[in-house]
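So the structure is just underneath, and the comments pick up after that.
The values are calculated or read from the model by the stated rules, or taken from the named source; none is laboratory data. Computed from a predicted structure; not experimentally measured. Backbone-built Cβ (ideal geometry, glycine too); neighbour counts: all protein chains shown.
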Amino acid sequence: MAQSETKLSPLTLVVDFVLVAAFFAYLFSLLRSHVPSSDPAMITLWAALGALCMTGVFWLCIQMFRVVLRAQRAAKHK
């Protein structure tokens, strides 16, 4: 089975960036209240690190969703 070459459009990159940034901001604000510290620097650090890890997983989920959707559409047109 030959793999079709797909190109990223600027719109796709912008949509990905907006979704990932919004997800990071949401998780960061959510995690700030769950860090067991009274030091604002530590609260910011650990909330950002936790949000960063989960945002990376969210980005991978977006990419996997796009691959599956593209494969389903290609199979439907054949």
Worksheet item: Does at least one position in segment 7-17 carry a residue that is without any contact (Cβ under 8 Å) to a residue 60 or more places away in the chain, surrounded by fewer than 10 Cβ atoms within 10 Å (Cβ to Cβ) and among the charged types (D, E, K, R)?
Response: yes
Response to the item:
The lone condition ALA75 fails out of (1) surrounded by 10 or more Cβ atoms within 10 Å (Cβ to Cβ); (2) out of contact with any Leu (no Cβ under 6 Å at 6 or more places or on another chain) is (1)
Discussion item. Quick check on segment 44-62. Is at least one of its residues exposed (fewer than 13 other Cβ atoms within 10 Å of the Cβ), at pLDDT 95 or above and either over 16 Å from the mean Cα position of the chain (by Cα) or small (Gly, Ala, Ser) (or both)?
Written reply: yes
Practice prompt. Would you please list the contacts, defined by Cβ atoms under 8 Å and residues six or more apart or on different chains, that run from a residue in segment 47-65 that is touching a residue at least 12 places away in the same chain (Cβ under 8 Å) to a residue that is surrounded by 11 or more Cβ atoms within 10 Å (Cβ to Cβ) and of a type in the set (Lys, Arg)?
Written response: ALA47/ARG32
